[in-house]
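Worksheet for the structure shown next.
The values are calculated or read from the model by the stated rules, or taken from the named source; none is laboratory data. Treat the numbers as computed from the prediction; the structure is a model and nothing was measured. Reconstructed Cβ throughout: ideal geometry from the backbone, glycine too, with neighbour counts over all protein chains shown. These area figures cover heavy atoms from the full protein model, side chains too; ligands, DNA and RNA do not enter into them. Shrake-Rupley method; radii C 1.70, N 1.55, O 1.52, S 1.80 Å.
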Amino acid sequence: MHGVTECASLPPTRRVRKPGPTLEQGAVLEAARRAKADADEAEARKLAAAVEWCRLHEVADPDDAETWDQTPILLAGEGAPMIATGAVAEFAAVIGTSTGGGRYYLADALELAHRLPLLYARTQDGTLPVWKARAIARQTSELDPETAAVVDQRVAPLAAGLSAKATEHLASEVVAELMPAYAQEQADRYSLPHVLVDHRQVSFLGTSAVHASLDLADALDLDAALAAGAEALKLAGSQDPLDARRAAALGSLARGESPGRQVTLYVHLPIDTDSSTAKVENGGGRLLTQAQVAAWCAKPDVKVVVKPVIDLHTPVATAAYVVPDSIREHLQLRDTTCVFPDCDKSARTAEKDHITAYDAGGATSTDNLADLCGHHHHLKTHTGWTYTMLEPGYFLWRSPHGYTWLRTPHGTHPLTPRPLAPP
């Protein structure tokens with residue numbers, strides 16, 4: 001018969017019955033859902049507390065107002081109130097973030113409560129996660145009040161159902177429509193060529209991330225140079241993969257346009273311990289393998305600086321008020337950063353603080369000195385923050401409202417009991 005295909009009979013397919021959902025599985029999902037809902041509710045309460053904290057610290061004089069890290073720019077946009085200098089640090093420490101992180105949090109709280117009230121209301125009625133509202137607030141702080149209000153009106157009804165990226169696009173469309181010159185300025189600013197060498201996350205093998213946006217002609221030239229350098233390394237016998245050879249070629253280009261590198265190493269070895277690691281200070285204090293350090297130092301164009309051994313457990317003092325270089329070096333190696341709770345600003349740029357004031361009998365000694373960044377040194381000197389050094393490198397801090405933290409070489413540890421009793 002035409003048009004009929006005869007097929008061999010196939011054995012019947014054996015259907016495997018999959019087990020259905022169990023009550024135990026459902027209970028786990030419900031527990032996760034409830035935990036997420038509780039976390040969202042807690043974050044909304046924290047945002048409300050931030051708004052109230054700002055209200056309690058409002059000031060009228062810009063000279064008394066908190067700004068962006070000593071830059072005279074107010075925290076939130078036009079129309080939002082100003083808050084007093086020093087108000088950020090204690091709130092930030094209580095919620096377990098750095099002063100910089102607290103500054104961003106309070107800025108977003110001010111922006112939402114005073115310039116984006118519809119979005120803020122949705123965080124408080126549970127229909128919009130705080131993180132999404134804060135993402136929108138960061139886009140509007142430089143807008144004029146009228147444009148910010150339109151963003152609020154258009155985005156608030158839709159934000160809960162949109163992805164973060166879609167919400168960002170919607171806000172950008174409003175800005176482009178109402179403030180086209182500003183939108184173009186922002187686009188031009190972020191499209192400019194730039195290079196960022198990021199030493200904040202140094203890997204165990206001693207690598208840093210490099211991010212760049214180059215002019216097309218420069219990018220093509222760099223690509224060609226890296227390809228040529230990688231090929232030269234391969235011909236010289238390198239067995240490394242292509243990406244590794246390109247990275248090495250980039251390093252060679254850098255050294256070809258600058259003097260040979262200088263390596264200063266501070267190697268910390270525990271007593272009676274065989275260690276295969278070294279700590280490199282300008283690598284963010286991260287541990288690196290000794291093999292990596294040896295490879296750096298073996299380069300013919302490297303100048304190695306050997307520092308004398310410093311025993312960080314032996315006090316060093318002077319009768320003078322001014323801190324000499326030898327004590328500065330000791331403090332910087334001991335503290336590594338500003339010793340205020342959760343602050344990570346480098347001790348190399350910090351001010352040297354007499355914990356007990358020099359004119360009150362405090363010695364210029366490593367037993368009475370610590371590294372504080374300029375902002376936290378100001379708070380300690382002029383507000384109610386106090387601290388003591390329990391032993392070298394260990395500091396007990398107390399805030400104006402009596403909260404306490406232990407700052408150690410291993411981080412910041414809140415000591416105030418939880419949960420707190422009502423005031």
- Name every residue in region 232-245 that is open to solvent by 60 Å² or more (accessible area, probe 1.4 Å) and either closer than 14 Å to residue 210 by Cβ or free of Cβ contacts under 8 Å to residues at least 12 places away in the same chain (or both), in order of residue number. 234, 235, 236, 239, 240, 241, 243
- Task: Return the pairs, sorted by first residue and then second, in which the second residue is open to solvent by less than 20 Å² (accessible area, probe 1.4 Å) and among the aliphatic types (A, V, I, L, M), the first residue lies in region 394-412 and is in contact (Cβ under 8 Å) with a residue 24 or more places away in the chain and part of a strand (DSSP E or B), the beta carbons are less than 6 Å apart, and the residues are 6+ apart or on different chains.
- Result: 395/339; 407/339
- Among (1) open to solvent by less than 50 Å² (accessible area, probe 1.4 Å); (2) hydrophobic (A, V, I, L, M, F, W, C); (3) out of contact with any helix residue (DSSP H, G or I) (no Cβ under 6 Å at 6 or more places or on another chain); (4) touching a residue at least 24 places away in the same chain (Cβ under 8 Å), the one test that residue 68 misses: (1)
- Starting from residues that are of a type in the set (Val, Ile, Thr) and open to solvent by 50 Å² or more (accessible area, probe 1.4 Å), keep the ones in region 319-343 and report whichever is modelled with the highest pLDDT. 322
- Given region 86-149, what helices (runs of 4 or more DSSP H) lie entirely inside it while holding 3 or more residues that are within 19 Å of residue 169 (Cβ to Cβ), open to solvent by less than 40 Å² (accessible area, probe 1.4 Å) and in contact (Cβ under 8 Å) with a residue 24 or more places away in the chain? 130-140
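Condition check ((1) over 22 Å from residue 143 (Cα atoms); (2) at pLDDT 90 or above) across all residues:
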position	(1), (2)
25	yes, no
34	yes, yes
58	no, yes
69	no, no
89	yes, yes
